[in-house]
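Encoded as structure tokens, the structure appears first; notes follow it.
Taken together, the values in this text are just the output of simple stated rules run on the coordinates, not laboratory data. All of these numbers come straight from a predicted model, not from anything done at the bench. Virtual Cβ from ideal backbone geometry, glycine too; neighbours counted across all protein chains shown.
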Amino acid sequence: MNVDREHRLSDAELDAVLNLASSAGATPWESWVEGRDGLSGATFIMTGTAPNRGELYLYGFGGKAESDLVDLFAEMRNSIDELVAETVARRSGNPPRVSPCRFDRLQQLSAVCPAPPWKVMRTGIDIFSGVEVDPEKTVIDSGTLRFGITSGDGPVPEKLLNFIVETRNVVPGLLDELRAA
């Protein structure tokens, strides 16, 4: 998908975003930040509901950047269906269906997290550090921050990685389009 913020996503690209969201699993996604939301655990994202609940863990850094990212990923999954629906409705000339502040949290998190474009590094040599990427530990490269992501069951499924990276790449443009409408 085109990540240029000046590029308006086509209907096919919007459908692709919704398909990625659907393949990433059910909502809600809940961020859990160690020290903010509880003690004696890790910072992670709880995905879906029982009995199909999953967990995503970030590694390679910590602190505010880590908490912002898990908050962003959870907010993206919880908001993307409605964000795309609102974009389609406004393009059709319909009045806003949601409050103007509905996507404020997503906008705030998007602004403080590394900007797109992001990419997934599955295997091979990290061209920036020269370190071999372990195929069991996927790395996401945002250009300014590189971090790993795993699930509670091992490697993160490709569909989740694609959702996180591609959605992160298009969210700023969708938010810009709604704000301009």
Which value in nm describes the separation of the simple spin-label points at Arg102 and Asp37, placed 7 Å from the Cα toward the beta carbon? 2.3
FRET efficiency for Asp153 and Ala65, using Cβ-Cβ distance with R0 set to 22 Å, rounded to 0.05: 0.30
